[in-house]
1. Looking only at the range 10-26, which residues are within 13 Å of the chain's Cα centre (by Cα) and either hydrophobic (A, V, I, L, M, F, W, C) or surrounded by fewer than 17 Cβ atoms within 10 Å (Cβ to Cβ) (or both)?
2. Sort through ALA36, ALA58, ALA93 and tell me the only one that's among the aliphatic types (A, V, I, L, M) and surrounded by fewer than 20 Cβ atoms within 10 Å (Cβ to Cβ).
3. Mind listing whichever residues of the range 216-228 are farther than 16 Å from HIS244 by Cβ and surrounded by fewer than 17 Cβ atoms within 10 Å (Cβ to Cβ)?
4. For the range 111-140: of the residues being under 15 Å from the mean Cα position of the chain (by Cα) and not aliphatic (A, V, I, L, M), which is surrounded by the most Cβ atoms within 10 Å (Cβ to Cβ)?
5. State all residues of the range 214-228 that are under 21 Å from GLN18 (Cα atoms), out of contact with any strand residue (DSSP E or B) (no Cβ under 9 Å at 6 or more places or on another chain) and not charged (D, E, K, R); if no residue qualifies, say none.
6. Return the residues of the range 229-250 that are surrounded by fewer than 19 Cβ atoms within 10 Å (Cβ to Cβ) and of a type in the set (Ser, Thr, Tyr); say none if nothing qualifies.
7. Exactly one condition in (1) farther than 22 Å from MET158 by Cβ; (2) among the hydrophobic types (A, V, I, L, M, F, W, C); (3) in a helix (DSSP H, G or I) is false for VAL37; which is it?
Amino acid sequence: MFSLSGQKALVIGIANEQSIAWGCAKALKAQGADLAVTWLNAKAEPHVRPLAEAIGAAIMGPLDVSVPGQLEAIFSQIAQTWGGLDTLVHSIAFAPKTDLHGRVIDCSPEGFGLAMDISVHSFLRMIRLAEPLMPQGGTCLSVSFFGASRVVRHYNMMGPVKAALESAVRYAAAELGEKGIRVHALSPGPLATRAASGIDHFDELLQAASERAPTHQLATIEDVGAMAAFLASNAARNLTGGVHDIDGGFSITA
C-alpha cells in the first residue's frame, strides 16, 4: 500500500527487543527505510547493538539526551552521512522512581523538571535539529499514553508530563505544517516494556486494560510500528498533530 524506500529514519529509545522503539524500527525497515539507531549508554549497548546490526542500521551510537552535545553529535553524523532525514522516532521518557511512585502534588521540583526535560523537551530539541534536515518535509513521532488525558491509577506524575508532550506535538505540528513536517504522538495502551515496569502495580493495569478493551487484546510493539510506518509514508502526507490511539479500543471505554 505504501513504501518507505529511500527514506532515512532515526529511531531513539530502543532498550531491548520488547521496546516500542524496536517495533517502530522493524516496521520502518520492513517498508524500505534506512535506519539510524541509538542506545542510552555503555550498559545498554550490548542489548541494542545486535538489534541495530540485525536491521542493517547505517548509523548507530550512544545517545543520552541529558549529556550536553550527544544529541547534536548524532544529528551531525546524520547530516554528514545522509545529508538529510525523513523520519524521527522519539520513544524515551524518564521520571525518578521516588517522584513517580508518590502523589503528583508531592513530586519534587527537581524530579518534575528532569521528567519534563527528558520526556518532552528532548523531543522539541530533536525536532529543531531535524528541521534543517527535512527541506522537503518529514515526520516526527513521539510516544504518549492514555494517562495524559485521563487519570490512570499509579501513573502519577507521568500523566501531566505526557499531557505536556501531547500539547507540544500540536504546537510543533502547527508551526512546521507549512514546511511539510508532520508531528504526531503514538498512544498505545499498556505494554509490557522495560520502561513501563517502573510504574507501580503495572501488572494490574495490563490486566484491567485487556479486560476493558473491546478487542480484549493488548497492543503489541508491532501494532505501534505499523502505525509509525504509515504516518511516515506519503499516504499520511496530509495528517499532522494527531494523538493516535493504538489500544484495541481501550481508550473509548469508561
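The values are calculated or read from the model by the stated rules, or taken from the named source; none is laboratory data. Remember, predicted model here, so these are calculated numbers, not experimental data. No Cβ is skipped: glycine too gets one built from the backbone with ideal geometry, and neighbour counts run over all protein chains shown.
1. Of the residues in the range 10-26, the ones within 13 Å of the chain's Cα centre (by Cα) are 10-15, 19-25.
Matches in the range 10-26: LEU10, VAL11, ILE12, ILE14, ALA15, ILE20, ALA21, TRP22, CYS24, ALA25.
2. On the way: ALA36 fails: surrounded by fewer than 20 Cβ atoms within 10 Å (Cβ to Cβ); ALA93 fails: surrounded by fewer than 20 Cβ atoms within 10 Å (Cβ to Cβ).
After ruling out the rest, the residue left standing is ALA58.
3. Start the filter on the range 216-228 by keeping residues that are farther than 16 Å from HIS244 by Cβ, which leaves 216-218.
HIS216, GLN217 - these are the residues of the range 216-228 that are farther than 16 Å from HIS244 by Cβ and surrounded by fewer than 17 Cβ atoms within 10 Å (Cβ to Cβ).
4. Taking the candidates together, the pick is CYS140.
5. Going residue by residue through the range 214-228, those that are under 21 Å from GLN18 (Cα atoms) are 216-228.
Then drop every residue that is not out of contact with any strand residue (DSSP E or B) (no Cβ under 9 Å at 6 or more places or on another chain), which leaves 216-217, 222, 225.
The answer is HIS216, GLN217, GLY225.
6. Once the filter is applied, which keeps residues that are surrounded by fewer than 19 Cβ atoms within 10 Å (Cβ to Cβ) and of a type in the set (Ser, Thr, Tyr), the range 229-250 yields nothing.
7. (3)
Results for (1) without any contact (Cβ under 8 Å) to a residue 40 or more places away in the chain; (2) in contact with a Pro (Cβ under 7 Å, 6 or more places away or on another chain); (3) farther than 17 Å from ILE181 by Cβ, shown as yes or no for each residue.
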| site | (1), (2), (3) |
| --- | --- |
| ALA58 | yes, no, yes |
| GLY61 | yes, no, yes |
| ALA79 | no, no, no |
| SER91 | no, no, yes |
| GLY111 | no, yes, yes |
| GLN136 | no, no, no |
| CYS140 | no, no, no |
